[in-house]
Amino acid sequence: MQLPPKLVSAVRGLRFRLTISYFAIFALLLIVIGLYFRANLKETLDYRMREIVEEEWAAVRGYLRIENGHAVWYFDPKDPEESSFVEKLRRIILVTDASGQVLEASNGYRALGLEERKILQSRFSMASASSREFVVRSNSKGDRVLVCAGVARQAKLQYYLAIGHSLADNALIPDRFTWDYFTAVPLMLILTGLIGWLIAGRALSPVNDVARAAQRMSGSNLSIRIPTRGSGDELDNLIETFNRMMDRLKVNFDQMRQFSTDASHELRTPLTAIRGQLEVALFTATTADEFKDAVVNSLQDVEQLSNIVRALLMLSHAETGQLVLQKSPMLLANVVEDIADQFQIPAEEAKVQLTVSADKEVIVAVDRVQIGRLISNLLSNAVKYTPPGGKIQTILRFSPNRQWAEFIVEDTGQGIAELHLPHIFERFYKVPDANPEKGLGLGLSFVAWIVKAHGGTIKVKSDFGVGTRFEVTLPIAIENPTAIVVEKKRVKTLKNHS
Ligand code: ADP
């Protein structure tokens with residue numbers, strides 16, 4: 001037989017399992033407590049009964065006299081209380097003399113069976129004849145009787161006295177308790193199950209909220225947040241963690257969305273330009289020179305297109321971890337000077353003075369190609385954004401504690417307004433007032449990635465209209481300086497499109 005799926009999932013659910021656990025634990029507890037109290041009750045009653053029988057045994061000695069080999073009872077027959085008490089004492093009683101001769105034996109005692117004479121005699125010869133013993137005996141009907149027996153003294157005379165008390169009432173009370181208690185247990189368990197079910201439902205409702213929120217979630221609906229209950233418990237913690245995860249996802253999704261919007265926008269501009277130039281050439285150009293001009297212009301735009309695609313590809317490789325750094329310790333001064341050399345001609349063309357001051361002892365474990373890109377990007381920006389007559393200073397030095405290498409590119413260019421400073425490392429971020437033809441807005445985001453991948457930091461300080469200073473720190477390599485790789489290869493720059 002197949003169970004309905006809803007029932008199956010309810011049975012497998014946490015709520016059901018929690019309720020069953022409550023139920024089982026509570027049932028076990030109730031049973032253990034019930035048994036414990038039953039045993040306790042029995043013990044207390046047994047103890048009380050021993051005391052009563054012992055008191056009765058002692059009381060008999062106040063009313064009984066052995067005279068001339070007979071048991072004689074002394075009491076006031078007119079006193080109803082006293083006579084009924086004595087009658088009660090005589091219900092289950094045995095009195096014998098030292099020879100084991102029965103002086104008095106009630107029917108109640110005879111029903112238990114009289115002891116043999118020899119046994120009775122032996123009681124008198126026992127060392128502590130005054131001690132009393134307690135035994136539980138049963139009659140033919142199965143009624144249990146607690147018997148207190150011992151040797152009693154009357155002046156110089158000794159006699160054997162055994163007195164019994166029915167245990168029927170003693171058994172009745174624990175039986176009654178057991179019956180009452182264990183009939184109430186199922187009711188209590190049903191109640192516990194119901195309460196457990198409700199409590200588990202309440203406790204798990206935030207988990208269901210999280211599940212429902214996760215179901216409602218999609219790429220276009222990432223603003224769902226689950227309100228916390230303010231109790232500061234584990235479930236609130238779960239909700240907060242979930243909400244924080246949603247915040248991070250939203251930021252990432254927004255970045256990705258922004259990235260594809262920016263990328264398509266960037267690609268559309270040169271494509272539109274190419275299309276325009278080719279259409280104009282097609283409809284208006286008549287001479288070979290006019291066609292040639294259109295092709296040359298289009299080629300420049302194609303070049304820009306391929307630069308954008310190359311930069312995008314590289315960034316995406318960097319961010320997906322496909323770009324693996326090949327770090328080796330090297331004298332950074334050589335790399336800095338090498339690249340700065342390449343920028344001397346563009347700097348001269350822009351009528352900007354480019355100076356380099358590099359400490360020859362700075363050794364850093366770097367990826368030669370990527371660190372080359374970093375330097376080129378910073379120098380290329382400095383040249384681009386510094387007007388004629390300006391100065392660019394490139395410095396490589398140790399930090400004061402000699403744990404870090406500091407690489408500084410400082411220019412006396414147009415500067416960056418404070419408003420834009422926090423954004424310049426973002427992808428496609430271009431300062432709006434800056435000449436839109438000057439770049440893609442990707443260079444600094446790539447620089448930031450390279451610095452991060454080398455375990456360094458980058459800071460920027462800029463005064464609008466005065467100049468800009470980029471300060472990169474990279475950890476000093478601790479490897480043996482003899483293993484330094486001094487590369488002299490030319491660096492392919494990311495910025496060679498400009
Ligand atoms: P781009 O390739 O367009 O230069 P970047 O990511 O390298 O893009 O730079 C982002 C923005 O930061 C640029 O649009 C530019 O306005 C500004 N910028 C970067 N370096 C400098 C600098 N040295 N002086 C002034 N502005 C700068």
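See the values below:
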quantity	calculated
Selected residue (criterion: modelled with the lowest pLDDT) from residues of region 429-440 that are open to solvent by 20 Å² or more (accessible area, probe 1.4 Å) and not in a helix (DSSP H, G or I)	Asn435
Filter result for Ala281 (within 20 Å of Ser445 (Cα to Cα) and surrounded by 12 or more Cβ atoms within 10 Å (Cβ to Cβ))	no
Residue check, Glu266 surrounded by 11 or more Cβ atoms within 10 Å (Cβ to Cβ) and either touching a residue at least 40 places away in the same chain (Cβ under 8 Å) or within 26 Å of Thr19 (Cα to Cα) (or both)	yes
Boolean, Val336 is assigned to a helix (DSSP H, G or I), more than 15 Å from the ligand (Cβ to nearest atom), modelled with pLDDT of 95 or more and of a type outside the set (Asp, Glu)	yes
Filter result (hydroxyl-bearing (Ser, Thr, Tyr), open to solvent by 70 Å² or more (accessible area, probe 1.4 Å) and under 23 Å from Gly443 (Cα atoms)) within region 284-321	Thr320
Some residue of region 197-206 being under 30 Å from Thr241 (Cα atoms), of a type in the set (Ser, Thr, Tyr), open to solvent by 40 Å² or more (accessible area, probe 1.4 Å) and under 54 Å from the mean Cα position of the chain (by Cα)	yes
Leu167 vs. criteria under 30 Å from Ala39 (Cβ atoms), at pLDDT below 90 and touching a Lys or Arg at 6+ places or on another chain (Cβ under 7 Å)	yes
Those residues of region 142-176 which are closer than 17 Å to Gln101 by Cβ and either of a type outside the set (Val, Ile, Thr) or surrounded by 21 or more Cβ atoms within 10 Å (Cβ to Cβ) (or both), in sequence order	Ala149, Ala152, Gln154, Leu157, Gln158, Tyr159, Tyr160, Leu161, Ala162
Filtered residue count, region 115-171, keeping only those that are assigned to a helix (DSSP H, G or I) and touching a residue at least 60 places away in the same chain (Cβ under 8 Å)	1
Failed item in (1) modelled with pLDDT of 90 or more; (2) assigned to a helix (DSSP H, G or I); (3) near the ligand (Cβ under 8 Å from one of its atoms), with Val451 passing the rest	(3)
Per-region count, region 394-419, residues under 28 Å from Leu325 (Cα atoms), in a strand (DSSP E or B) and of a type outside the set (A, V, I, L, M)	7
Residue that is nearest to the ligand (Cβ to nearest atom), among those in region 368-425 that are of a type in the set (Asp, Glu) and either open to solvent by less than 30 Å² (accessible area, probe 1.4 Å) or closer than 15 Å to Val451 by Cβ (or both)	Asp411
Qualifying residue in region 310-321 (condition: outside any helix (DSSP H, G or I), out of contact with any helix residue (DSSP H, G or I) (no Cβ under 6 Å at 6 or more places or on another chain), free of Cβ contacts under 8 Å to residues at least 12 places away in the same chain and under 30 Å from Ile274 (Cβ atoms))	yes
Residue in region 481-488 that is among the basic types (Lys, Arg), modelled with pLDDT under 90 and either under 26 Å from Val324 (Cβ atoms) or more than 9 Å from the ligand (Cβ to nearest atom) (or both) present	yes
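The values are calculated or read from the model by the stated rules, or taken from the named source; none is laboratory data. Remember, it's a predicted structure, so these values are computed and weren't measured experimentally. Cβ atoms come from the backbone with ideal geometry, glycine included; neighbour counts cover every protein chain shown. Heavy atoms of the whole protein, side chains included, go into the accessibility calculation; ligands, DNA and RNA do not. Shrake-Rupley method; radii C 1.70, N 1.55, O 1.52, S 1.80 Å.
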